[in-house]
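The values are calculated or read from the model by the stated rules, or taken from the named source; none is laboratory data. Computed from a predicted structure; not experimentally measured. All Cβ positions, glycine included, derive from the backbone under ideal geometry; neighbour counts span all protein chains shown. Calculation scope for accessible area: heavy atoms of the full protein, side chains included, ligands and nucleic acids excluded. Shrake-Rupley method; radii C 1.70, N 1.55, O 1.52, S 1.80 Å.
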Amino acid sequence: MRLRIATLNTWAFPPPLAERLDERMEALAQRIAPLGADVLALQEVWAGGARERLVAAGAAAGLEHVWVSDGAFFGGGLVLLSRLPFRAVRFESYALNGVPHRPAHPDYYGGKGFLLASIATEVGPVSLVNTHMHARYRSDVDHQYSGHRAAQLVQLAAALATVREPVALAGDFNFEDRSDEYRAFVGLSGVRDAAAEVGRREPTVWRANPYRAGRSSPDNRIDFVFSRDGVAHGVRATAARRVFDEVLERDGERFAVSDHAGVLAELEIEPREARQLPPPAPGAVALAGELLDRGHERAERRRRLHRRRAGVGLGASLVAVAALRSRPLTRRGFLRASLQGTTLVALGGTLSSGLVAELYGPGELDGFAEARLELARLAGAVVGDVRGRS
């Protein structure tokens with residue numbers, strides 16, 4: 001049986017967070033039917049109008065079976081359209097998903113996770129995954145979110161380990177095919193990269209896109225279609241190509257349907273003699289463990305930093321309050337008092353740093369510890385309880 005599956009990060013944030021939203025979504029909607037996909041996995045469909053337009057375009061193209069994330073935010077931003085009926089669907093949020101104190105990096109508030117669906121096909125059930133992992137921002141020069149993505153890929157690999165059906169995975173994984181995260185995920189889950197399998201590695205974020213023109217970052221491939229055999233079915237990629245990558249023009253201005261390109265892969269799924277699924281590769285287990293350990297160490301440093309900031313800010317605020325209360329407020333003293341009073345602004349930062357250190361910090365450390373235990377269970381290993389490190 002042939003299954004054609006496509007993926008695209010749509011960049012469909014509500015205005016003014018995304019440019020030319022309605023125009024881009026209309027252009028994308030018009031390109032869904034000609035694509036001829038059996039499954040379309042979309043990410044970052046945050047705007048309600050965009051969801052409605054793309055779902056309607058999918059239905060008109062025969063992709064009438066639909067799952068959409070709940071709400072504008074916190075729901076993951078995922079949409080899955082299928083020509084074949086769903087047997088079961090579940091969404092699982094990622095346990096580690098960014099930090100709350102950097103609103104310019106809003107993954108923490110986006111509720112990212114993965115959608116695992118089973119569809120009915122002529123050869124039996126097939127599982128689909130649509131996911132969007134933690135973003136890698138331009139300022140992320142030291143890979144500060146790599147540990148969170150490592151925890152996410154371990155969580156996804158652990159979920160796939162329980163699936164006996166053949167699997168097709170699609171989404172914005174936010175790791176490059178040359179990265180340790182890519183190697184860890186492929187080795188842990190046993191998936192194969194469809195584009196690599198057929199020799200069609202093409203970047204999906206690249207400087208020819210009008211929304212990325214002028215950036216210094218290199219072209220990268222971070223959007224993928226992966227596949228994995230089932231116990232009683234083999235899966236192989238027969239074709240793959242980049243899609244939704246046209247540069248459009250209107251009124252003298254260049255634009256594209258998104259700041260990403262998509263990927264379309266053709267998979268052949270065939271019955272075979274039943275066999276066990278392969279265990280995680282030992283090298284991938286070790287590599288994932290290293291990534292988690294680095295993330296855990298970074299989380300510990302972040303918590304210590306916020307505790308120090310909270311202490312310094314509180315000390316400065318107390319000194320300012322004492323100075324203000326130690327003398328009467330005269331005209332001549334007004335300017336001095338005003339300048340001293342500005343240090344009270346530090347109290348806001350103090351409270352913020354204190355909340356990050358004492359409320360979010362322990363949960364982040366526990367999240368890394370749980371991911372380490374999940375990795376051990378996935379590998380069938382027995383390790384000591386690493387929670388004591390936090």
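In square nanometres, what is the average projected area of the Cα convex hull of the stretch 18-163?
Values: hull surface 38.4 nm².
For the Cα atoms of the stretch 18-163, the hull's average projected area reads 9.6 nm².
With semi-axes defined as the square roots of five times the eigenvalues of the C-alpha gyration tensor, the equivalent ellipsoid of the stretch 101-210 measures 26, 18, 14 Å, largest first. With all protein chains present, calculate the accessible area of Tyr109 using a 1.4 Å probe and round the result to the nearest 10 Å². Taking all protein chains as shown, Tyr109 has close to 90 Å². Solvent-accessible area of Arg303, all protein chains in place: 40 Å² (probe radius 1.4 Å, heavy atoms, ligands and nucleic acids excluded).
Just how many % of Cα pairs in the stretch 137-291 lie over 25 Å apart, if you round to the nearest whole percent?
Values: 4459 of 11935 pairs.
Within the stretch 137-291, distances greater than 25 Å cover 37 percent of Cα pairs.
Roughly speaking, to the nearest percent, how much of the stretch 83-148's 1.4 Å accessible area is carbon and sulfur? The nonpolar share, carbon plus sulfur, comes to 54 percent. Simple spin-label estimate for Asp70 and Val247 gives 4.3 nm between the two label positions (7 Å along the Cα-to-Cβ direction from each Cα). Backbone geometry of the stretch 249-257 corresponds, through the Karplus equation with coefficients 6.51, -1.76 and 1.60 at θ = phi - 60°, to 3J(HN,Hα) couplings of 8, 8, 6, x, 10, 8, 7, 9, 5 Hz, x marking Gly and Pro. Our summary of shape: the Cα atoms of the stretch 1-50 have principal axis extents of 43, 17, 14 Å, ordered from largest down, in whole angstrom.
Shown here is the pair-distance distribution of the stretch 171-221: with all Cα-Cα distances grouped in 5 Å bins from zero up to the longest one, the shares run 5, 18, 24, 25, 14, 9, 4, 1 percent. Between Arg2 and Arg164, the contour length at 0.36 nm per residue exceeds the Cα-Cα span by 56.4 nm.
Relative contact order of the stretch 1-158, taken over Cα pairs closer than 8 Å and 6 or more residues apart, is 18 percent.
Please list, ordered by chain and number, the residues whose modelled amide H lies under 5 Å from the amide H of Val225; skip anything fewer than 5 residues away on the same chain. Counting only residues 5 or more places away or on other chains, the set is Ala194, Ala195.
Using a probe of 1.4 Å, the accessible surface attributed to Ser258 totals some 0 Å² when neighbouring protein chains are kept in position.
Which value in Å does the Kirkwood hydrodynamic radius of the stretch 215-273 take, with 1/r averaged over all unlike C-alpha pairs and then inverted? After inverting the mean inverse Cα-Cα distance, the result is 14.4 Å.
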